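Asks: Attaching a single structure in structure tokens format; questions to follow.
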Amino acid sequence: MNEKNLMSRRRFVAGASSMMLAGAAAGAVKPLSSPAPKLAIDGGEKAVKSSPSPLVRWGEPERERLEAMLQQNSLFYWKGPQTELLIERFREICPMKYVATCSSGTAAIHIAVAAAGIGLGDEVITSPVTDIGTVIGILYQQAVPVFADLEPNTYNLDVADVERRITPRTKAIVPVHLSGNPCDMYAIKALADRHKLIVIEDSCQAWGARYRGQPIGTVGDFTCFSLQNSKQVTCGDGGVVGSNDERFGPLIQKLNTKGCDRANRQGFQTTMFSTNYRMSEPQAAVAAAQLGRLESIVSQRARLGNLLSEKIADIPGIRPHQVHPEDRATYYFYMFRMQPEAFRVDRAKFVKALVLEGASVGAGYIRVPIYREPPFQKHDFFAGRWPVKEMGLTTMDFTKHRCPEAEAILETGIKVTIHEAMTEEYILGVAAAIRKVAQNYAV
Ligand SMILES: *Cc1c(COP(=O)(O)O)cnc(C)c1O
């Protein structure tokens, strides 16, 4: 097949795909030719013909909220109209009886950990492939994060490995819905119930995701979201923590505000010890407007990510981002894995070739699993020391911690940027680029 035919075939695929159903389209992008078309890195034509449209994240809805806010004479969160609207909109997305806004996703998780009564020497099992914010609150409560291994293609907690790491000291599990792909929550909840453990969902990357048709974050005892700038919706920095539990709910509403019991008009008294994690009205104004856009943002991300999976599913040596068919992943990012033995180049070369084909991709996610980062290797969390270890309340040695699948995921994963302004045509181009690079570099 010559270059011209290739072009028109691709254009046909791009144009026709919007009318095609999932299964029907799969056959249209079988290997294009043999020998493989010349790579852009070798001077060939780029596989990605359209560049992703620029992402416009704010506009009229945010302006309207900010202007309303400027009419107020207080920008304090308690009973603030912007905060109230944010909480109301949050409850439409994630029906929680108790909701507290806060300054970050890290703060949301710390509040949940503290409300759960987790403290000195307690163990909390979580994922080693996540934002460090997942474990900061655990460490500040003088508890011990215990990292469990992951499933190879969802990149979420492997429930069997979580079970192996349960000890008499285990108090909680923090499943991370990595990249907005729901964890197997029924299995995690069943395990937690058997061992009387609390479940704190890290939904920071999972705005708009659905687990078995239900809103993400509603199976565990707590759910924690981040509104940091990189997330699907944002106010620059911010967080939300929610719980339906009568034991924990009143606590989360104190733990974000120096332990004051504002719900019971104890605004000037510290009724329990905590830090100040409040979110102010300007942040809440932007966040409330953003939640009004949520469905349009995440439905497009879900569609594009699923389309990419469908188009690369049959490429030898490539394993797509796996999502349960009854769930909705909202692709904070998309990540596929390459099987190293299937290719004659390493990941760095593979990624470089993809970038030159015009695809917005990068190697891996975080550099190494969390336990391999310096503070963990040195156990020097608090002014050079780690009190729980010095007190003999844990035998944890992060230099000996191993999660082989998590390490392999970070070594073989290739991250694809997905955002709501991207077109189907662009994603089809990325799929074609992956196919072309894989074909050229196959062993
Ligand atoms: C972003 C993020 C956090 C922390 O949120 P911040 O708002 O940045 O503090 C925690 N966990 C995960 C999975 C995240 O992606």
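Nothing in this text is a laboratory measurement; each read-out follows from the coordinates by a stated rule. Remember, predicted model here, so these are calculated numbers, not experimental data. Glycine also receives a Cβ, built like all others from the backbone with ideal geometry; neighbour counts cover every protein chain displayed.
Asks: When only C-alpha pairs under 8 Å and at least 6 residues apart count, what is the relative contact order of the chain, in percent?
Replies: Values: 891 pairs, mean separation 99.5, N = 443.
After rounding, I find 22 percent.
Asks: For segment 88-166, calculate the relative contact order in percent as a whole number, restricting contacts to Cα pairs under 8 Å that are 6 or more residues apart.
Replies: On the way: 88 pairs, mean separation 20.7, N = 79.
Over segment 88-166, the number comes to 26 percent.
Asks: If you take every DSSP beta bridge whose two residues both sit in the chain, what share of them, in percent to the nearest 5, is antiparallel?
Replies: Working: 27 of 41 bridges.
If I count the DSSP bridges inside the chain, around 65 percent turn out antiparallel.
Asks: Moving to a separate point now. For segment 60-292, what does the relative contact order come out to in percent, with C-alpha contacts under 8 Å and a separation of six or more? Numbers along the way, then the final one.
Replies: Details: 515 pairs, mean separation 64.2, N = 233.
Across segment 60-292, relative contact order equals 28 percent.
Asks: Excluding the sites themselves, what is the longest stretch of the chain that contains no chymotrypsin sites (Phe, Trp or Tyr not before Pro) in a DSSP loop with at most 16 other C-beta atoms within 10 Å? Can you show the working numbers first?
Replies: Details: sites that count: Trp58, Phe76, Trp78, Phe273.
The answer is 79-272.
Asks: Follow-up question, since we're still on this one. Rounded to two decimals, what is the ratio between the C-alpha radius of gyration of segment 60-292 and 2.2 N^0.38 Å? Each step should come with its number before you reach the end.
Replies: Numbers: Rg = 17.1 Å, N = 233, 2.2 N^0.38 = 17.5 Å.
Dividing the Cα Rg of segment 60-292 by 2.2 N^0.38 Å gives 0.98.
Asks: Answer rounded, prolate or oblate for segment 180-327, using the Cα gyration tensor with square roots of eigenvalues a ≥ b ≥ c: rounded when a/c is under 1.5, else prolate when a/b is larger than b/c, else oblate. Don't skip to the end; give the middle numbers.
Replies: Values: a/c = 3.06, a/b = 1.61, b/c = 1.90.
Oblate is the answer for segment 180-327, as a/c is 1.5 or above yet b/c matches or exceeds a/b.
Asks: Rounded to the nearest 0.05, what FRET efficiency is calculated for Glu163 and Thr270 with R0 set to 41 Å and r the Cβ-Cβ distance?
Replies: Values: r = 39 Å, r/R0 = 0.96.
For Glu163 and Thr270, the calculated efficiency is 0.55.
Asks: Take the Cβ-Cβ distance between Gln322 and Thr417 as r, set R0 to 25 Å, and report the resulting FRET efficiency rounded to the nearest 0.05. Please report the intermediate quantities before stating the final value.
Replies: Values: r = 19 Å, r/R0 = 0.76.
So the FRET efficiency works out to roughly 0.85.
Asks: Another question, then. Pop the C-beta distance of Glu92 and Val443 into the FRET formula with R0 = 56 Å and round what comes out to the nearest 0.05. Each step should come with its number before you reach the end.
Replies: On the way: r = 51 Å, r/R0 = 0.91.
E between Glu92 and Val443, to the nearest 0.05, is 0.65.
Asks: Give me the count of lysine pairs in segment 60-292 whose alpha carbons sit under 17 angstrom apart, restricted to pairs 8 or more positions apart or on different chains. Provide the component values of the computation, followed by the final result.
Replies: Working: Lys79/Lys97; Lys79/Lys254; Lys79/Lys258; Lys97/Lys254; Lys171/Lys189; Lys171/Lys196.
Within segment 60-292, the lysine pair count is 6.
Asks: For segment 347-396, with the dipole built from +1 on Lys and Arg beta-carbon atoms and -1 on Asp and Glu ones, taken about the Cα centre, which of Ile370, Trp386, Gly358 lies farthest toward the positive end?
Replies: Farthest along the dipole direction, towards plus: Gly358.
Asks: Roughly how many debye, to the nearest 20, is the charge dipole of segment 60-292 about its Cα centre, given +1 on each Lys and Arg Cβ, -1 on each Asp and Glu Cβ, and no other charges? Mind dumping the intermediate values first?
Replies: Values: 22 positive and 25 negative charges, 125 e Å.
Using Cβ point charges on Lys, Arg, Asp and Glu, segment 60-292 gives about 600 debye.
Asks: Within 10 Å of each candidate Cβ there may be at most 11 other Cβ atoms; applying that plus a DSSP loop requirement, which trypsin sites (Lys or Arg not before Pro) in segment 33-95 survive? Present the calculation step by step, with values, prior to reporting the outcome.
Replies: On the way: sites: Lys38, Lys46, Lys49, Arg57, Arg63, Arg65, Lys79, Arg89, Arg91; in loops: Lys38, Lys46, Lys49, Arg57, Lys79.
Of the trypsin sites (Lys or Arg not before Pro), the ones in loops of segment 33-95 whose Cβ has at most 11 other Cβ atoms within 10 Å are Lys79.
Asks: Quick one: dipole size for the chain, taken about the Cα centre, charges +1 on Lys/Arg Cβ and -1 on Asp/Glu Cβ, in debye to the nearest 20. Could you put the intermediate results ahead of the total?
Replies: Details: 52 positive and 46 negative charges, 123 e Å.
About 580 debye.
Asks: Please say if segment 103-164 is rounded, prolate or oblate, where rounded means a/c under 1.5 for a ≥ b ≥ c the square roots of the C-alpha gyration tensor eigenvalues, and otherwise the choice is prolate for a/b larger than b/c and oblate otherwise?
Replies: Since a/c reaches 1.5 but b/c is at least a/b, the shape of segment 103-164 is classed as oblate.
Asks: Further question on the same structure: Hey, if you drop one equal point scatterer on each alpha-carbon of the chain and run the Debye formula without solvent, what base-10 log of I(q)/I(0) do you get at q = 0.07, 0.12, 0.13 Å⁻¹?
Replies: Result of the Debye calculation: -0.38, -1.02, -1.15.
Asks: Based on DSSP H runs of at least 4 residues, each adding -39500 (n - 2.57), what is the mean residue ellipticity at 222 nm of the chain after dividing by all its residues, to the nearest 500 deg cm²/dmol? Can you show the working numbers first?
Replies: Values: 15 runs with 164 residues, N = 443.
For the chain, the value works out to -11000 deg cm²/dmol.
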